[in-house]
1. Checking the conditions here, which among Asp38, Asp45, Asp24 is closer than 16 Å to Thr96 by Cβ, out of contact with any helix residue (DSSP H, G or I) (no Cβ under 9 Å at 6 or more places or on another chain) and surrounded by fewer than 18 Cβ atoms within 10 Å (Cβ to Cβ)?
2. Given the conditions (1) within 18 Å of Pro125 (Cα to Cα); (2) among the aliphatic types (A, V, I, L, M); (3) surrounded by fewer than 21 Cβ atoms within 10 Å (Cβ to Cβ), which single one is not true for Val82?
3. So is Thr111 surrounded by 21 or more Cβ atoms within 10 Å (Cβ to Cβ), of a type in the set (S, T, N, Q) and outside any loop (DSSP other than H, G, I, E, B) or not?
4. Which residue out of Val117, Val154 is more than 24 Å from Asp45 (Cβ to Cβ), of a type outside the set (Phe, Trp, Tyr) and exposed (fewer than 10 other Cβ atoms within 10 Å of the Cβ)?
5. Scan Val55, Val31, Val69 and give me the residue that is under 24 Å from Ala112 (Cβ atoms), in contact with a His (Cβ under 6 Å, 6 or more places away or on another chain) and at pLDDT 95 or above.
6. Which residues, taken from region 122-155, are over 23 Å from Glu67 (Cβ atoms) and in contact with a helix residue (DSSP H, G or I) (Cβ under 8 Å, 6 or more places away or on another chain)?
7. Right, Val83: among the β-branched types (Val, Ile, Thr), more than 21 Å from Arg140 (Cβ to Cβ) and at pLDDT below 95 or not?
8. I'd like the full set of residues that are outside any loop (DSSP other than H, G, I, E, B) and of a type in the set (Phe, Trp, Tyr), limited to region 50-107.
Amino acid sequence: MKNAEDTLAALRGRYPGLEYRPADPAPSVTVEPGALRDHLAFLHDELAFDFLVFVTAMDRPAEGALEVVYRLFSRESRTTVVVRARLPRDSARIPTVSDVYRTAEWHERETAELFGVVFEGHPDPRRLLLPDDLEGFPLRKDFTHPNLRKLPEVP
């Protein structure tokens, strides 16, 4: 891809449901969890999205879902794209993409630890940040801990 317009045209061709969210001008697409690896490999190999900016998740307890979010950047076309996959909250499992984007190893470990997403096939699923005996997932909205104090709500 030579420029952002070519990249966006290729994205629209591959992803008919390409979205733009007002808060984030990057194009965003939601894919099925089982197809995630294929989509990210396409973005990496065919459209030169060569930099994984981050992997994270968003907890959506009212919907019973976790949404895993991948933000990619192409140094060639100077374009960003966001890829999302929705998972059931009680069995959040998705294939690793650490063989497509090497930096995903660390991002996936952090997301697994803080949100409880299992990245199947991950080469090193050890904890990265939290003590081994901590129960629960601190970035889920229902997380509780005896030392956790909630801040007062701002009027």
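The values are calculated or read from the model by the stated rules, or taken from the named source; none is laboratory data. No experiment lies behind these values; they were computed from the predicted model shown. Every residue, glycine as well, gets a Cβ built from its backbone with ideal geometry; the counts of neighbours run over all protein chains shown.
1. It is Asp38.
2. Failing condition for Val82: (1).
3. yes
4. Exactly one of Val117, Val154 is more than 24 Å from Asp45 (Cβ to Cβ), of a type outside the set (Phe, Trp, Tyr) and exposed (fewer than 10 other Cβ atoms within 10 Å of the Cβ), namely Val154.
5. Step by step, each of Val55, Val31, Val69 is checked, and only Val55 is under 24 Å from Ala112 (Cβ atoms), in contact with a His (Cβ under 6 Å, 6 or more places away or on another chain) and at pLDDT 95 or above.
6. Once the filter is applied, which keeps residues that are over 23 Å from Glu67 (Cβ atoms) and in contact with a helix residue (DSSP H, G or I) (Cβ under 8 Å, 6 or more places away or on another chain), region 122-155 yields Pro123, Asp124, Arg126.
7. Considered against the rule, which asks whether it is among the β-branched types (Val, Ile, Thr), more than 21 Å from Arg140 (Cβ to Cβ) and at pLDDT below 95, Val83 comes out as yes.
8. Phe51, Phe54, Tyr70, Phe73, Trp106
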